[in-house]
Amino acid sequence: MAGINGFLRAAAMLALVWVPAAAGAQDAQYPIVIKHALGTTVIEEKPERVATVAWANHEVPLALGVVPVGIAAAGFGDPDGDGLLPWVEARLKELGAEVPALFDEGDGIDFEAVAATEPDVILAAYSGLSRADYETLSMIAPVVAYPDSPWATDWRAMIRANATGMGMAAEGEALIDRLDARIGEVAGGHPELAGKAAMFITHLDASDLSVLRFYSDNDTRVKFFADLGLTSPQSVRDATAAGQYAGEVSAELIDRFDDVDIFVTYGDENLRQRLLSDPLALQMPAIAKGALVMLGNDAVGTGANPTPLSIPWVLDDYVALLADAARKGE
């Protein structure tokens, strides 16, 4: 989202969902018991110092007016390389807060850095924590892990789990309601999306289109399609292994995906032209019709994986790209 007008529009949309910094948590009953895929976490009293690990978990406390003591630094989609995505930086400024400690997770979780922040709770509802990661973090503070599977927690479940871990379950539900209202408003303005089947391809190499790697119905990017009125193609569901958030098929089988209306992937104009000129790729009707959404290393590309603060920031632009592709596919 480029230019001052885009920034102001994004800031205005964020104001619709943020909770004022002064908003306090409603009374929670302690101890709070949270069951998740890696066990059960008990939080004996209201956490005062909140740390987060992995992707985007820090957006829940920030959206609820709480500044974490430490967060994972953004490893991609960060335009200026300061470790903060634009909507996170904007929210910190709105709260008048200093940047929290940034954990470098390029080689995995930095347990020493997390411990140094002395947290009362560690939020990781959207993550890929291993059993060893969870047990090590649990020696530092109670950990809110993913409810079901690694990297499969949708944005609503992430808000619910992390907000509950903060003793702010009611505030989390209110945030979900506000985001749902905004999504419904924007998606409702694009009826051409209703019922269209979208496939989300992972990163493609323009020089090698021999394998199609895709996100499954278990991934948050694909789950977000349903919020926008889109459906998941049966061909994608058939090609997905049980419980997996991603899969892959040989491009020689690309004609099986003839029920795909919109093809979404990360890439530039070079990749678009490569797809449109490849005889094998053109066997997928969505590609042949040019019903392509090419996402870059920018706010919209990053925000296609929906999170509490990115949704209002990129929603209008992302839906517009999908709607344009839907029209081309008709």
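Summary of values
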quantity	calculated
Test: residue in segment 308-319 that is in contact with a Lys or Arg (Cβ under 9 Å, 6 or more places away or on another chain), surrounded by fewer than 20 Cβ atoms within 10 Å (Cβ to Cβ) and among the aliphatic types (A, V, I, L, M)	no
Which numbered condition ILE109 fails, given (1) closer than 16 Å to PRO47 by Cα; (2) buried (at least 21 other Cβ atoms within 10 Å of the Cβ); (3) aliphatic (A, V, I, L, M); (4) touching a Phe, Trp or Tyr at 6+ places or on another chain (Cβ under 8 Å)	(1)
First in segment 164-182 and closer than 19 Å to LYS46 by Cα, second anywhere and among the aliphatic types (A, V, I, L, M) and assigned to a helix (DSSP H, G or I), Cβ under 8 Å, 6 or more apart	MET166/VAL60; ALA169/ALA163; GLU171/ALA163; GLY172/VAL60; GLY172/ILE159; GLY172/ALA163; GLU173/ALA163
Spans of helices (runs of 4 or more DSSP H) in segment 27-118 with at least 3 residues aromatic (Phe, Trp, Tyr) and not assigned by TED's automatic domain parsing to the domain that holds LEU175	none
Residue list for segment 133-153, filter: surrounded by fewer than 21 Cβ atoms within 10 Å (Cβ to Cβ) and over 19 Å from PRO119 (Cα atoms)	PRO147, ASP148, SER149, PRO150, TRP151
Qualifying positions in segment 231-241 - within 13 Å of MET199 (Cβ to Cβ) and either among the aliphatic types (A, V, I, L, M) or modelled with pLDDT under 90 (or both)	VAL236, ALA239, THR240
Residue match in segment 113-128 (condition: surrounded by fewer than 19 Cβ atoms within 10 Å (Cβ to Cβ) and under 19 Å from the mean Cα position of the chain (by Cα))	yes
Residues satisfying the stated conditions in segment 125-158, i.e. farther than 19 Å from GLY243 by Cβ and of a type in the set (A, V, I, L, M)	ALA132, LEU137, MET139, ILE140, ALA141, VAL143, VAL144
Given (1) in contact with a Ser or Thr (Cβ under 8 Å, 6 or more places away or on another chain); (2) at pLDDT 90 or above; (3) among the polar types (S, T, N, Q), number of the condition GLN244 does not satisfy	(2)
Near pairs, Cβ below 9 angstrom, 6+ apart or cross-chain, from segment 138-152 (within 16 Å of PRO47 (Cβ to Cβ) and touching a residue at least 24 places away in the same chain (Cβ under 8 Å)) to any residue that is among the acidic types (Asp, Glu) and not in a helix (DSSP H, G or I)	ILE140/GLU118; ALA141/GLU118; ALA141/ASP120; PRO142/GLU44; PRO142/ASP120
PRO61 being in contact (Cβ under 8 Å) with a residue 12 or more places away in the chain, touching a His at 6+ places or on another chain (Cβ under 6 Å) and closer than 24 Å to ILE176 by Cα	no
Subset of segment 209-232 [more than 21 Å from the chain's Cα centre (by Cα) and either crowded, with 20+ Cβ neighbours inside 10 Å or assigned to a helix (DSSP H, G or I) (or both)]	LEU212
Positions within segment 162-204 being on the phi > 0 side of the Ramachandran plot and either outside the structural domain of LEU309 (by TED's automatic domain parsing) or buried (at least 17 other Cβ atoms within 10 Å of the Cβ) (or both), in sequence order	GLY167
Filter pass, ALA163 being touching an Asp or Glu at 6+ places or on another chain (Cβ under 7 Å) and at pLDDT 95 or above	yes
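The values are calculated or read from the model by the stated rules, or taken from the named source; none is laboratory data. Treat the numbers as computed from the prediction; the structure is a model and nothing was measured. Neighbour counts are summed over all protein chains in view; Cβ atoms, including those assigned to glycine, are modelled from backbone coordinates with ideal geometry.
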